[in-house]
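The values are calculated or read from the model by the stated rules, or taken from the named source; none is laboratory data. Just so it is clear, the model here is predicted, and its values are computed rather than measured. For neighbour counting, all protein chains shown are included, and Cβ atoms are generated from backbone atoms with ideal geometry for every residue, glycine included. Please note that ligands, DNA and RNA were not included when accessible areas were found on the heavy atoms of the full protein model with its side chains. Shrake-Rupley method; radii C 1.70, N 1.55, O 1.52, S 1.80 Å.
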Amino acid sequence: MKEQKEIALNIVKTLRKAGFEALWAGGCVRDLLMRKEPHDIDIATSAHPETIERIFPKTIPVGKQFGVILVEEEGGMFEVATFRTEGEYRDGRRPESVTFANPERDALRRDFTVNALFYDPIEKKIMDFVDGERDVWAKVIRAVGSPYARFEEDKLRILRAVRFAANLDFTIEPETWRAVRELAHKIHQVSQERLREELMKIFTRPNAGKGLLLLDESGLLQEILPEISAMKGVEQSPEYHPEGDVFIHTKLLLDKLEKPDPVLAFSALLHDVGKPRAVTRDERGVHFYEHEKIGAVMSQEMLRRLRFSNKEIDEVSACVANHMKFAHVREMREGKLKRFMASPTFSTEMELHRIDCLSSHGKLDNYHFLQKKISEIPEEDLKPKPLVSGHDLIKIGFKSGPEMGKILTALYDAQLEGTITTYDEALEWAKKNKNKSDSH
Ligand code: ATP
Ligand code: MG
């Protein structure tokens, strides 16, 4: 595929040829100024939605009533939106109506000055109605106009202020920050889906640790992730955790993420979320018995609340549930170890374990032990086809149910360990153990 910049330039040229104004708009201009590759290039134009649909052969009317059309050109998707100004906000989230307007009015409806820039890719000139370029250089997130008014209109912007400050490693201008903190409790007017999208961008992009601190200091964490807020001040044994409490430990993990997928990022965030509920103290110190089990259940609840996909929920909760097993890998029997290593989330769990260690005692013995195992065991040894199936057992008189499940698991462990190597041996073993359980 052609570079997105080239395609986006061609879209502007096409619109200009048809007699319309067209510019690159919003976050991509900020990223280009900062010499970063934009996630996507959005185009703003004086052409109305029907016209955009007429000019480009492949379009999707994603937000036609707001003037937003997706244009597919040369394999890429681009948002082409009519310059607009927004009517009154009634639900704290979306305007009642929009009116098509000029670039200046369009800049004034945007959330932050650094997100309100336009760029003419033909003349190679920035158009800046809000002193956004100054704020890019000063690395400042500042609301366009009155932060209180802008946040009251759309409560999502409160969270976006924190998101951009973290992603870009900017500071939040004092007046904007005051409004964030005062209005944080109103974030509940935003849907869980939109919260998830912004949280995803906080925790999977650079400076996730800073994002966590800003969520906390803004008051947003207490509102949207109170279970994470509860980790603050939960002290741990200085022997295993010289770095400090559960919250600080988690922040350190987030700092170590490098282009994580969502499952790793949220596993890092949630791996110790069960600790505040599990904590007990006795003369020997502080303990968190079964915190990984409690945490796995809590993770499921929290991610379900945020409308994550079932697959993501299952994978994160598996990572949380398994993260303490790494302490015992060197005592595990071969079969159990292989089964552990064959889990579909194992590579994510390995990375979680690595950053978990580096964010506390710093010892990587178990990690290195497993790395060596990975290099020694061929893939087909790790996940061989089971020697016998449930069907085979039914043929020799088993009834399907939990008992048969146990036999199948034990057989597979024995196969992984190499104590049973053929179909006949496996059936023999099953028969023997069936008789045993019958005589009980
Ligand atoms: P990135 O794509 O890197 O996450 P972005 O700046 O492109 O960052 P988007 O969420 O893609 O952010 O939004 C595109 C642009 O639309 C923003 O730069 C901003 O100008 C405008 N915008 C998006 N959401 C809002 C909002 N809730 N209120 C006001 N303007 C918004
Ligand atoms: Mg964008």
**Request:** Would you check which residues across the stretch 167-177 are aliphatic (A, V, I, L, M) and crowded, with 24+ Cβ neighbours inside 10 Å and list them?
**Result:** Ile172
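Which one of these is away from ligand 2 (no atom under 16 Å from the Cβ) and either among the β-branched types (Val, Ile, Thr) or in contact with a helix residue (DSSP H, G or I) (Cβ under 7 Å, 6 or more places away or on another chain) (or both): Arg134, Arg93?
Arg93
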**Fill in**
Taking the stretch 49-70 and keeping only residues that are within 16 Å of ligand 2 (Cβ to nearest atom) and within 27 Å of the chain's Cα centre (by Cα), one is left with Val62, Gly63, Val68, Ile69, Leu70
**Asked** So which helices (runs of 4 or more DSSP H) are wholly in the stretch 344-419 and hold at least 3 residues that are open to solvent by less than 50 Å² (accessible area, probe 1.4 Å)?
**Response** 346-358, 365-376, 390-395, 402-417
**Request:** Output the qualifying pairs, or none if there are none: Cβ atoms under 7 angstrom, residues six or more apart or on different chains, first residue in the stretch 80-105 and free of Cβ contacts under 8 Å to residues at least 24 places away in the same chain, second residue of a type in the set (Ser, Thr, Tyr).
**Result:** Gly87/Ser97; Gly87/Thr99; Thr99/Thr85; Ala101/Thr85; Arg105/Thr85
**Fill in**
Subset of the stretch 269-284, residues open to solvent by less than 30 Å² (accessible area, probe 1.4 Å) and either in contact (Cβ under 8 Å) with a residue 24 or more places away in the chain or among the hydroxyl-bearing types (Ser, Thr, Tyr) (or both), comes to Leu269, Leu270, His271, Asp272, Val273, Gly274, Lys275
**Positions within the stretch 142-164 being aliphatic (A, V, I, L, M) and either open to solvent by 20 Å² or more (accessible area, probe 1.4 Å) or within 11 Å of ligand 1 (Cβ to nearest atom) (or both), in sequence order** = Ala143, Val144, Ala149, Leu156, Ile158, Leu159, Ala161
**Fill in**
Scanning the stretch 285-307 residue by residue, those aromatic (Phe, Trp, Tyr) and surrounded by 14 or more Cβ atoms within 10 Å (Cβ to Cβ) turn out to be Phe288
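Going residue by residue through the stretch 217-224, is there one that turns out to be on the phi > 0 side of the Ramachandran plot, touching a residue at least 40 places away in the same chain (Cβ under 8 Å) and buried (at least 17 other Cβ atoms within 10 Å of the Cβ)?
no
Could you pull out the residue among Leu32, Leu9 that is in a helix (DSSP H, G or I), of a type in the set (A, V, I, L, M, F, W, C) and within 16 Å of ligand 2 (Cβ to nearest atom)?
So the residue among Leu32, Leu9 that is in a helix (DSSP H, G or I), of a type in the set (A, V, I, L, M, F, W, C) and within 16 Å of ligand 2 (Cβ to nearest atom) is Leu32.
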**Asked** Given the conditions (1) at pLDDT 95 or above; (2) open to solvent by less than 30 Å² (accessible area, probe 1.4 Å); (3) within 16 Å of ligand 1 (Cβ to nearest atom), which single one is not true for Ile7?
**Response** (3)
**Request:** Answer with yes or no whether Asp91 is at pLDDT below 95 and surrounded by fewer than 19 Cβ atoms within 10 Å (Cβ to Cβ).
**Result:** yes
**Residues being part of a helix (DSSP H, G or I) and buried (at least 20 other Cβ atoms within 10 Å of the Cβ) - total across the stretch 308-320** = 7
**Fill in**
For the stretch 178-205, the count of residues that are open to solvent by less than 50 Å² (accessible area, probe 1.4 Å), more than 12 Å from ligand 1 (Cβ to nearest atom) and without any contact (Cβ under 8 Å) to a residue 60 or more places away in the chain equals 5
**Asked** Considering only residues of the stretch 11-48 that are surrounded by fewer than 16 Cβ atoms within 10 Å (Cβ to Cβ), under 33 Å from the mean Cα position of the chain (by Cα) and in contact (Cβ under 8 Å) with a residue 24 or more places away in the chain, which is farthest from ligand 1 (Cβ to nearest atom)?
**Response** Met34
